[in-house]
Amino acid sequence: MKTVTISWTLILLAGLVAGSIARARADGAKPETKPVPAKEASAKAALRARRNIAATTLKREWGIESLGVHQTSAGYMLQFRYRVLNPKIAKPLFDRKIKPYLIDSATGAKVIVPSPDKVGQLRNTNTPETGRTYWMLFANPAKMIKPGSRVHVHIGDFDSGSLVVN
């Protein structure tokens, strides 16, 4: 009999605790969180500010929004994706005569857009349209540029700024 009494007592106690937690949250009480140190918070804010400035520069000077660099083809290719916001300003990025390249910030490795004979350059060179997402593929021989690497994409005078490979 004692075992049954203890079991019911525990069940009632658990219900009471769960109910009080639910009520506290419903009343607006928030669970305890550790405060972020001021130094760490300011570093994060500075990083966000730099990213916003870089994004604003791309939008204003080149008419695009960078969507990032991603590994593809089992890591042997890197895909740079971007969205066109202003086709008139972005037009130089689509010039077939300009040879884009990507540089790894840590090693200085420079990779190019391959141009197979039957296919041509692995990039978009159509007339840009507002709101469309475009891409270009860079060779990544020996998978030398890995996820987490910081890279810069160059297309003529265009420099993407520091991008992290995903």
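The Cβ shell under 15 Å around Leu85 holds other residues with a net charge of +4, Lys and Arg each +1, Asp and Glu each -1. Could you compute the net charge surrounding Ile155? Neighbours are other residues with a C-beta less than 13 Å from the C-beta of Ile155; K and R count +1, D and E count -1. Cβ neighbours under 13 Å give a net charge of +1. Taken as Cα centroids, the range 65-101 and the range 111-151 sit 6 Å apart, rounded to the nearest whole angstrom. Could you check what % of the DSSP bridge pairs in the range 56-166 are antiparallel, to the nearest 5? Of those bridges, close to 95 percent are antiparallel. With 28 Å as the limit, the listed pairs Lys88/Lys143; Lys88/Lys146; Lys44/Lys97; Lys99/Lys143; Lys118/Lys143; Lys59/Lys97 have Lys88/Lys143; Lys88/Lys146; Lys44/Lys97 beyond it between alpha carbons. Distance between the 7 Å Cα→Cβ label points at Lys44 and Arg60: 2.7 nm.
Out of the trypsin sites (Lys or Arg not before Pro) in the range 113-166, which ones are loop residues according to DSSP with at most 14 other C-beta atoms within 10 Å?
Lys118, Arg132
Straightening the chain between Met144 and Ala74 buys 24.0 nm, computed as 0.36 nm per residue apart minus the Cα-Cα spacing. Taken one residue at a time, the phi angles of the range 81-92 give Karplus couplings (6.51, -1.76, 1.60, θ = phi - 60°) of 10, 8, 10, 7, 9, 9, x, 5, 6, 7, 3, x Hz. Gly and Pro are set to x.
When the Cα positions of Ser115, Phe94, His70 are compared along the charge dipole of the range 50-126, Phe94 comes out farthest toward the positive end, with charges on each C-beta of Lys, Arg, Asp and Glu.
Could you order peptides 107-113, 88-94 by the average number of other Cβ atoms within 10 Å of their residues, highest first?
88-94, 107-113
None of the figures in this text is laboratory data; all of them are computed from the coordinates on show. The structure displayed is predicted, hence computed values, not measured ones. Backbone-built Cβ (ideal geometry, glycine too); neighbour counts: all protein chains shown.
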